[in-house]
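Take a look at the structure below.
The values are calculated or read from the model by the stated rules, or taken from the named source; none is laboratory data. Values in this document were obtained by computation on a predicted structure and should not be read as measured data. Please note: Cβ atoms are built from the backbone with ideal geometry, for glycine as well, and neighbour counts cover all protein chains shown. Ligands, DNA and RNA are excluded from the accessible area calculation, which covers all protein heavy atoms including side chains. Shrake-Rupley method; radii C 1.70, N 1.55, O 1.52, S 1.80 Å.
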Amino acid sequence: RAPRDTHAGAVYVHRGRTYLVETLDLDAGRVSVRPQRIGYTTRARTSGQIEIVSRAQDRRVGGTTVSLGRLKVADQVVAFERIRRSDGRKLGVEALDLPPQIFETEGLWFCVSDQLLGDLVRFGSDMMGSLHAAEHLLIALFPLLVLADRNDIGGLSTNFHPQTGQATIFVYDGIPGGAGLCGEAFRRFEALVTQ
């Protein structure tokens, strides 16, 4: 998580103290910070891609098929936002040039029907915003069913995935190799989506 949390320019909080990250050296595994009182926080912007490596199981849940399998994740921090602490106002965005973090892990995914996407648009909802919100809701609910921290889980939603041919929501173990979190969530998927 170093590129996301400790990139150059990031505000890092540890034990209630605020630090400004000066440098991140991924090769050496080193981060340089300096204590500083700062009136803003930072949030990383990422760009990701997912490749389905293999599909282990499928289950029909409600009106969709949920799949479990191996995923190749490429996650790259491409920029960060500065956000004023006092009122949450965005103060600016700064681009970053960091290498993608590529790893294979276990994950689950399901497609969203064209009919549902059409309904979202007809009712005035933002299609990508709705897919992204559903992804984040699933990730937020994980700790209710699976012994996990929200930060142990990653996700990606897209209005078209080349391997599924449809809008798809992916949720994956954020640990290279996987940790069995998505496998457990897959077995209990009905409980996850009816919380």
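Here are a few things to note about the model shown:
- Sum of side-chain charges, D25 neighbourhood, beta-carbon under 15 Å (Lys, Arg +1; Asp, Glu -1): -3
- Simple point charges give the picture: +1 on the Cβ of Lys and Arg, -1 on the Cβ of Asp and Glu, and for the chain a dipole about the Cα centre of about 680 debye.
- Each of the peptides 60-66, 39-45 was scored by the mean count of other Cβ atoms within 10 Å over its residues; in descending order, highest first, they stand as 39-45, 60-66.
- Here the chain has 48 percent of its accessible surface on carbon and sulfur atoms, given a 1.4 Å probe and all protein chains in place.
- Note that the stretch 19-154 presents 60 Å² accessible area per residue, ligands and nucleic acids not counted, probe 1.4 Å.
- Close amide H partners of V53, meaning residues 5 or more places away or on another chain with modelled amide H under 5 Å apart, are R70, L71, K72.
- Cα gyration tensor shape of the stretch 76-126, rounded if a/c is under 1.5, else prolate or oblate by comparing a/b with b/c: oblate
- Ranked by how many other beta carbons lie within 10 Å on average, peptides 107-116, 134-143, 27-36 from highest: 107-116, 134-143, 27-36
- Restricting the calculation to Cα atoms, the chain yields a radius of gyration followed by a Dmax of 18.3, 52 Å.
- Between the amide H of A10 and those of V21, distances stay under 5 Å, these residues lying 5 or more places away or on another chain, with hydrogens modeled in the peptide plane.
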